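Report on one structure; see the data block that follows.
Read the figures in this text as sums done on the coordinates, not as results from a lab. Nothing here was measured: the structure is a model prediction, and the numbers come from that model. Here the Cβ is made from the backbone with ideal geometry for all residues, glycine too, and neighbour counts use every protein chain on show.
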Amino acid sequence: MSNAVLTLLERHRSIRRYKSDPIPRETIETIIAAGQRAATSSNMQYGTAVVVERADTRARLAELCGDQAFIREAPVFIAWCADRSRMERACKQRGYNQDSRFVEAMLVAAVDVALMMQNATVAAESLGLGCCYIGGIRDNPDAIIDLLELPKLVFPISGMTLGVPDHEPMLRPRLPLEAVLHWERYDASHERPLFEAYDETMAKTGIYGGRQVPAPGRPAVSEDYSWREHSARRVSQPRRTTLRETLRAQGFDLA
């Protein structure tokens, strides 16, 4: 089964090299507007996009997001933010106080902006543009908040580069559908052979060459290094351990 939308989704790749061509404002607005049409919890619309075109600001963002060169090269950077400040202002205008003390307040806003991001990505790719999400925006969230002047109750969930692709990266295989699709109940009893087959598939792509993550007590280079080893090494080491403090400073108490 296939159609134009499914074909577009199946061809998604992260783009990390861009041409210098500027992206017209009308195009950017069209992409963000497509993002707005994503599902949103109770029509609260908790997502916000901060678009950065200035080269000096993009250069600073690159430094703060892991010093990734392609952030400087892409003509557009978008900071996708979970935003309850807009609802805070709406509440004040009607004489209410918004309660953002609980985990649900942050979770629902994060889901809203994630859906918005995905819609925008599909829209951008349908226009021949490329994107790459930047989780590194959470490496230095306090500095990002200051740089973009984000008010209380706004938190940067992900960055995204946007531009005309200057390469054709490999289409990375995904886990077999049987590993992520469960019928009626969660059943992982058949999972191990699926993982083993996926390890072989990913190893054959060669993407882990020169990218093996160091791990205490493990060899620097492992012959059977593939998806499980790579992923397990990454998640066994904590990252961004001060986000709770930043979230609280932004007004999300997460009680």
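Projecting label points 7 angstrom from Cα along Cα→Cβ for residue 17 and residue 224 puts them 3.5 nm apart. If I fit a long axis through the Cα atoms of helix 85-94 and take the longest principal axis of the Cα atoms of the chain, what angle between them do I get, 0 to 90°, rounded to 10? Taking Cα atoms only, the helix is inclined about 30 degrees. Note on the chain: with a GNM built from Cα contacts shorter than 10 Å, the maximum mean-square fluctuation among 237, 98, 68 falls on 237. Stretched out straight at 0.36 nm per residue, the stretch from residue 212 to residue 184 would grow longer than its current Cα-Cα span by 6.3 nm. At an R0 of 45 angstrom, the distance between the Cβ atoms of residue 167 and residue 96 translates into a FRET efficiency of 0.35. Counting only alpha carbon atoms, the long axis of helix 191-205 and the longest principal axis of the chain meet at about 90°.
In loop segments of segment 184-238 as defined by DSSP, the chymotrypsin sites (Phe, Trp or Tyr not before Pro) with at most 12 further C-beta atoms inside 10 Å of their C-beta are 186. With a cut-off of at most 12 other beta carbons within 10 Å, and DSSP calling the residue loop, which trypsin sites (Lys or Arg not before Pro) in segment 43-88 qualify? Please list them. When the trypsin sites (Lys or Arg not before Pro) of segment 43-88 are filtered for loop state and at most 12 Cβ neighbours within 10 Å, 54 remain.
In the chain, the inverse of the mean reciprocal separation of distinct Cα atoms equals 20.4 Å; this is its Kirkwood hydrodynamic radius. What do you get for the angle between helix 55-64 and the principal long axis of the chain? Use alpha-carbon atoms, 0 to 90 degrees, nearest ten. That helix lies at roughly 60 degrees to the long axis. Each label point was placed 7 Å from the Cα along the Cα-to-Cβ direction; for residue 9 and residue 232 their separation is 3.2 nm. Given +1 at the Cβ of Lys and Arg, -1 at the Cβ of Asp and Glu and no other charges, the dipole of segment 177-235 around its Cα centre is 360 debye to the nearest 20.
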